[in-house]
Every structure is written in structure tokens, then in C-alpha cells.
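Since every read-out is calculated from the coordinates, none of them should be taken as a lab result. Keep in mind it's a predicted model, so treat the numbers as computed, not measured. Note that each Cβ is placed from the backbone with ideal geometry, even for glycine, and that neighbours are counted across all protein chains shown.
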Amino acid sequence: MNAFTRRDFLKSSGAGLLVVSFSFNSLAANYPNLASPKNVDRADLDSWLSIDKSGKVTVYAGKVDLGTGVKTALAQIVADELYVPFEQVQMVMGDTATTPDQWITGGALSIMQGGSELRFAAANAREALLKKGAESLKKPVDELTLKDGFVVSKNDPNTKVSYGNLIGNGFQIKVDPKVKLKNHQEYQIVGKSIARVDIPEKVTGEFPYMHDFKLPGMVHARVIRSNFINAKIESFDDSEAKKVNGYLQTVRKNNFLAVVASSEWAAVKASRAIKVNWGKGPDLPAKATVYDHWRKLPLAKEDVTQKLGDVQPVLNNSSKKLKATYNFAIQTHASIGPSCAVVDFKDGKLTAWSASQATHSMQHELSVITGLPKESIRLLYLDGSGCYGRNGHEDATADAALVAMAIGKPVRLQWMRHDETALAPKSPPRTMDFEASLDDKGNINAWKSDFYIASNEVAFMKPLDFPLLAANDTGVPRPGNWVGFLFQNSAAPYAFPNALVNTKHVAQTFLRSSHLRSPGRIENSFANESFVDEMAVLANADPAEFRLKHTTDPRAIHVLRAVMNLSKWDTTTPKARSTSNIAKGRGISYVRYNNSITYVATVADVEVNKTTGKVRVTDLYIAHDCGQIINPNGVENQIQGGAIQTVSRVLMEEVKWTGSEMKSVDWTTYPIIRFNEVPKIHTLLINQPGTPAWGAGEQTPTTIPAAIGNAIYNAIGVRMRSVPFTPDSVKLAMKEQLSKSV
């Protein structure tokens, strides 16, 4: 069969491309027809869903679909609970004027928390429909059943009434949190791989991505910032910008500077033409000694996150013990498309279309920056260009809001590549110390660890104070970082008789920080799972069996056994390291996310070029237990996407700077994984019907770094204790190992 190239596709699909182009250009403003604000009181059932005369169910979700497929999965939950066909449910997501605040879309909470709330709302609607049906049909409730959007007589299927004919002016009742939920054995839609509802329009080009959205009379803006952190504008000259065809005006407020033009390209050219004299901020800590600097910063507090037995005497009296330190580099989101937002300010009201994962909290943040009351700000979610933690989307939204208020016109503001890579918030650094010992049977009898993490007190379900650049530029004081829950998964995930785990909360980061996929848990799990592997080697034990020996949790044992079977893990044959230049190795890693929800075990196969130091991950085997599975295909997509991105983070991603200047500004200075470097991923889903449905987006990534690091050790006998595992760092580790053995 002849290969079908991209060029062939373009030649053969001209008509289709014209359709796509037309679709993008015809994403007309629906602003005049925007849905009217409605009640969004979480206590009222009508805030969560409505049913029209045709029986169509509209669900109002405060969560958003960041490309994860939860729009489909959440609709499945509601459809099943309400006994209606899946096609009868439509989702409205992330509109602050029409959806209840369900907190941010993050933390793998969309199904576990968001889906649970929608299930309870749907169950309340179901019970109300049964009662209304009983009144309409003049029959007792226990003689009625529900089917395909109808209340039906059990004795006479022809005696029925549709949901649409029962509702009228809404439910007008409160949500009962004690309502009886549908038994999982009755599920007809949950558990099926229903095709994602967003994919067809994404294939045809009709889907309204954030970057495609337009409003009548919309102008374009670009914000001008320095790659020097905390730089201040001393002076600027926009005389050359004014010569650009399409230039409209320059907007400045303190250190906020933007240019406005009639077209996007004119805005880009004008932004490049403006000359700015920047006063540089103080230097950042030297990158070469960043972990030492991090350890010396003032602490906000210390917390003991695990304490079992009495560790120190056991360590003092043990002859077989080990110490190790692990580091995890500062990384950035590196969204493939730069962030974008469209904002209009009219009649004292601010309306923003944003790819923010936290539209409701953005009301609070924009209120502080703009001075407008929260009630005068409306955000509507549109899919952006990648969001796994808060990247630049919120920043672009705040930037656009400032410009729109300054000029009184709808504004589309998109960041440039260097804005997204250099200036989007970063993950904070992480450094971690470990010490453990073995008893005479080769079991871990004492475990001690210290984690130096970024500090932030998070009030769950409360508005978030996120340090947006626009706030800093305009002189609005905001906290320096938003990186909550970083202590989670610091506690050892195994049954040790003596354990002491301490988290040292660094009071303030030196770079603007936010959560990046699996925040805290990925770094903590990397260290925990790397060190338990080192202890397995010290005990001369198989790493997989060593983990099994130290857990009593049946689901942990199940997921570990499952990945061993999936990968054909061999515990009987010694792992002989290759004498060839390309050494192959295999490593294993395990997590129970937050030590409370989803279980994941991963085996990584790697190839290490001993000359260049380059590591290639060839295969990943992943066993995954997230409880009741809503949409198997959606879960598998989440596993694969998270795994691929994390391989990139482990092998190559690291923010670089000199002085106060960010040097990671593009794909050359901050490379990410390429298509030809993507490993083959083998997944095994362990469904647990009738148990809580847990998240699947953040869990797998936490297992990837240690699995790769452990595989590298298996291949070449060298421990990689600092992420990323770049060719240079691998060669340096090999050199250090060689010098120790001489």
C-alpha cells in the first residue's frame, strides 16, 4: 500500500479545506444572542438542569472540558441517572452567569466532585419527575417507572407522560443531598465508550476554539513585556508603531503596555516596533545552585505528613541503610498554542470569553484588577490550546480586560510564543532528602524523608488569589504563587512500621508559580518511588515484588500484579545489563493518588545510548484503577495524554535563565517531545462498578518519572536523581559512577 502523505491530503481535499476556512471565518458573534443570566444558587435544582417541552435536558456545569472529554462523561452521568437517551442531554459549561460555581477544573476533580454533584442534581430531578408523573397519570409512584424520558406505568406501557410535559416553569425545589441514587447495576450509559461529542466539529473545523472567536467591531491587541523578570518600564517610544498600517493606539497603565490595531498582524508588527527601555529587576538565584538556594529560603511552616513508630532509633541501630537526595526542575506549561482571550466592556459590564480552567474564580481576580464589582463580570469558557494547570489563559484574559476597558471596544488579545514560554507561570523547584534502613529479612524497617515545597494556604471552594501579570503590572498587590496541595503524596505509600515524613513549606517562590499537571504529587512520587527502588536493590530484591511485600492494600496489590502481567515482568531472571552501546532497561513505579484515590502502576522500557546519553522510552505499560469508570475510552485518552506529556517533562523540559532574564522562550530553548519520540503505550483499565468514580487526568503522570529513572538504572547501573534526564545529565551521572568504581 502506498503511503498517503500530507501533501496528497492537501491536494485531494481542497473543497474540504475551503469549508474549514469558511467555518473559521464564519464564527460569527453570538454575543447579541448570548443566553440570559439565570439563577446559579447551588441549593436550587433549577440552577443545575432544565428540561424543555421537547424533553431536551440542559445541564449547567461549573466545570469545563479542557480537551479531556468530561463534557461527554458528565452528560453520560446525567443521562443515566435521569433515564434519558444520551443524545437528549446538552451541556453548558463554565459560563459564570448560567452555571453554578463548582470550583476550578483541576485536581482530577471533574468526575469525582463535579460529576457527583451533577449526579445528585439529576437524581433529585428524577424523583421530582416521578412525583409529577404520579399526579399527571393519577397513579401511585410505586406503580410507575422511568424510560427514555417518560414516566411510564409499570402495568401499561402505553400509559405514560413525557418529561417535557411535566416541567412547566421548572422544578422549583431544593437539592436534597440525601436523595437515593440509581443503583450501579442499572447503568445503561455509564461505563460505555460513547464517542466524544466535541470531536466531529473539531475534525471539520466548525468547533469554536478560543482563538477562532470573533465579535462585531473587534480589534486586536498585543501586550509588550520584557523577558527580564520584574522589569519596569522606564520609557517607551511608539512613534514607529504609529506608522504601521492598521495601528489604532497604545495603552499603558503603570507597567502594563499594549498596542491595539485593526488586524492581528498589524498588532504584531506594531508591538515589535515599539521601543521600550526596561529597568531590570534583581537577579534570580543562580540556576546551577538553585536547589541549595531553595533549601535556604525562609519557611512559612513545617508539617509532619506521616508519623509511624519511632524512626530515629531504628535508623541509628541499622547496619544496612541508605541516603539519597532527589530534585525536580522548574518547568513551564509550554502550551503549543499561545494563550488568547476576547473581552468586551459595555455599559459598565465586562464580558470575557476565556480558556480559563477557573472561570468562576476569575470573576474575583478580574474584579480586584479592574475595580469592577464581581457581579458586573461574566466569563464564558471556550476551548484553548492546552491547559493542564493554570498556564497563560488567565493572564491573557486579564490583559484583554484592561485593554477593553481602556478603549471601549471588543478586544482580542493573544500572547506571542515568547510570552507563553517565558512568562507563563512555572512549577516551583523541589528538592527532597531520604533515609531508610532494612531489617535482617530485607524489609524496610525505618523510612524518613524531608520535602522542601512551595507554600500556600488554600481555602477549598473559595475564590483564588492568582498572581496575574496584569495585577503586578498595574500595581495591584497579589500573592506570589498559587500552588496548593503540594504536600500530597509525600507520605510513603507502603506499610512501613516506622516512618517520619516532614514537609518544609518555603514561604515565597522566586518565580511566579502555579500548578502544573499533578502538582506536588509528581515530584513527591518521583522521589518516593525512586528511593523505594534503591532500597529494593540494597535488599537484593526484585523491585516489583519488593513493593508487593510492603503493601497490604488489596487494590494496590491488584494494580501492581496487573501491570506485571501486562508487561510480562520477569522476577526470576537477573536483569543483565547490555554490553552494547544501546542499553535496554525496565523500571516500575506505583502511586495511590493523594494516598486516597486512584491507583496506578507503570512499567517503562527504555533504551540508553551510552555514548550520547540520550534516553528513549520505547514502551509504557500502565494499569489503572479509578473506581467506577464512566467512559473507558475517555479514561484511556487521559492516561495516554498524561503519559506522553510527562515523558517530555522527564527527558527534556527545564526552564533556563541567566540573571533575571528568562532564556526559555521558544521550542529551541524549551524543547518538548516530538512525534517520533512518543512511546507505545499499553493500558489496562481496572473497572470497579459500584465504587466512587475517581479522576484519571493527573494520576498516571506521577508514576512516569520514577519508572523511567528506575529503568535507566536497570539499563546502565546509574541512578538519575534529578529531573530532567537530559543527555548531558545522563553522561555526567555515568562519569560520576565510573569515578566511584575506579
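Along its three principal axes, how long is the range 34-202 when you only count alpha carbons? Whole Å, largest extent first please.
Ordered largest first, the range 34-202 gives principal extents of 45, 33, 31 Å.
Among the helices of the chain (complete DSSP H runs), which have Cα atoms covering no less than 15 Å along the helix axis and a Kyte-Doolittle mean of at least 0.5?
Both cut-offs are met by 14-25, 70-82, 393-407, 554-567, 704-716.
On a full-extension model of 0.36 nm per residue, what is the gain between V276 and N165, subtracting their alpha-carbon distance, rounded to one decimal in nm?
Stretched out fully, the V276 to N165 stretch lengthens by 33.5 nm.
Order the peptides 681-692, 41-52, 499-510, 70-81 from the highest to the lowest mean number of other Cβ atoms within 10 Å of their residues.
70-81, 499-510, 41-52, 681-692
Hey, with R₀ at 30 Å, roughly what FRET efficiency would R561 and V678 work out to, going by the Cβ-Cβ distance, to 0.05?
0.65
Considering every Cα-Cα pair within the range 562-712, what fraction, in whole percent, is farther apart than 22 Å? Mind showing how you got there, number by number?
Numbers: 5189 of 11325 pairs.
The share of Cα pairs beyond 22 Å in the range 562-712 comes to 46 percent.
Using a 7 Å offset from the Cα along the Cα-to-Cβ direction at both N183 and E375, what is the distance between the two label points in nm, to one decimal?
With each label point 7 Å from Cα toward Cβ, the separation is 4.8 nm.
At a Cα cut-off below 16 Å, give the lysines reachable from K138, other chains included and same-chain residues fewer than 8 away excluded.
Output for K138: K154, K160.
Starting from the Kirkwood radius over alpha-carbon pairs of the range 479-602, derive D by Stokes-Einstein at 25 °C in a medium of 0.890 mPa s and give it in µm² s⁻¹.
Answer, rounded: 149 µm²/s.
May I ask which residue of V730, L215, Y247 lies farthest towards the positive end of the charge dipole of the chain, with charges of +1 (Lys, Arg) and -1 (Asp, Glu) on Cβ and the Cα centre as origin?
Most positive-ward Cα: V730.
Pull up all non-local amide H partners of L486: gap of 5 or more, or a different chain, and H-to-H distance under 5 Å with H placed in the peptide plane.
Distant-sequence amide H within range of L486: zero hits.
Under the rule of -39500 (n - 2.57) per DSSP H run of 4 or more residues, summed and divided by the residues of the chain, what mean residue ellipticity at 222 nm is obtained, to the nearest 500 deg cm²/dmol? Each step should come with its number before you reach the end.
Details: 18 runs with 207 residues, N = 742.
Calculated from helices alone, the mean residue ellipticity at 222 nm is -8500 deg cm²/dmol.
Can you compute the charge dipole magnitude of the chain about its Cα centre, using +1 on each Lys and Arg Cβ and -1 on each Asp and Glu Cβ, nothing else charged? Give it in debye, rounded to the nearest 20.
980 debye
Calculate one ³J(HN,Hα) per residue across the range 617-631 by plugging θ = phi - 60° into the Karplus curve 6.51 cos²θ - 1.76 cosθ + 1.60, and present them in order as whole Hz with x for glycine and proline.
8, 8, 9, 10, 10, 10, 9, 9, 10, 10, x, 5, 8, 7, 9
Given Cβ point charges of +1 (Lys, Arg) and -1 (Asp, Glu) and nothing else, what value in debye, to the nearest 20, does the dipole of the range 399-539 about its Cα centre take?
Taking the Cα centre of the range 399-539 as origin, the dipole is about 700 debye.
Averaging the inverse of every distinct alpha carbon separation and then flipping it gives the Kirkwood radius. What is it for the range 664-742, in angstrom units?
16.0 Å
Using unit Cβ charges (K, R positive; D, E negative) and no other charged atoms, how large, in debye to the nearest 20, is the dipole of the range 34-202 about its Cα centre?
For this selection, approximately 260 debye.
Listed here are the pairs K202/K426; K56/K147; K232/K287; which of them are more than 25 Å apart at the Cα?
K202/K426
Relative contact order, percent, of the chain when contacts are C-alpha pairs under 8 Å separated by at least 6 residues?
That works out to 14 percent.
Which aspartates and glutamates, if any, have their Cα less than 18 Å from the Cα of K504, not counting same-chain residues under 8 positions apart?
Straight-line reach from K504, under 18 Å: D292, E302, D303, D433, E435, D450, E457, E523.
Hey, can you grab everything whose amide H is under 5 Å from the amide H of L248? Only 5+ residues off in sequence or another chain; H modelled, so Pro and N-termini drop out.
Result for L248 returns V260, A261, S262.
Quickly rank 247-253, 105-111 as a protection proxy: mean count of other C-beta atoms within 10 Å, highest first.
105-111, 247-253
Taking a ≥ b ≥ c as the square roots of the eigenvalues of the Cα gyration tensor of the range 430-741, is the shape rounded (a/c under 1.5), prolate (a/b larger than b/c) or oblate?
rounded
Go through the range 493-502 residue by residue and turn each phi into a ³J(HN,Hα) via Karplus (6.51, -1.76, 1.60, θ = phi - 60°); whole Hz please, and just put x for glycine and proline.
Karplus values, whole Hz, x for Gly and Pro: x, 10, 8, 9, x, 9, 8, 9, 10, 10.
Can you list, largest first and rounded to whole Å, the semi-axes you get for the chain by taking the square root of 5 times each eigenvalue of its Cα gyration tensor?
43, 37, 24
Going down the list K174/K346; K63/K280; K63/K349, which pairs span over 32 Å between their C-alpha atoms?
Violating the 32 Å Cα-Cα cut-off are K174/K346; K63/K280.
For I681, enumerate residues with amide H under 5 Å from its amide H, sequence gap 5+ or separate chain, H modeled in the peptide plane.
The list, which skips near neighbours in sequence, is L620.
Which order do the peptides 544-554, 54-64, 522-532 come out in when sorted by mean C-beta neighbours inside 10 angstrom, highest first?
Top of the packing list down: 522-532, 54-64, 544-554.
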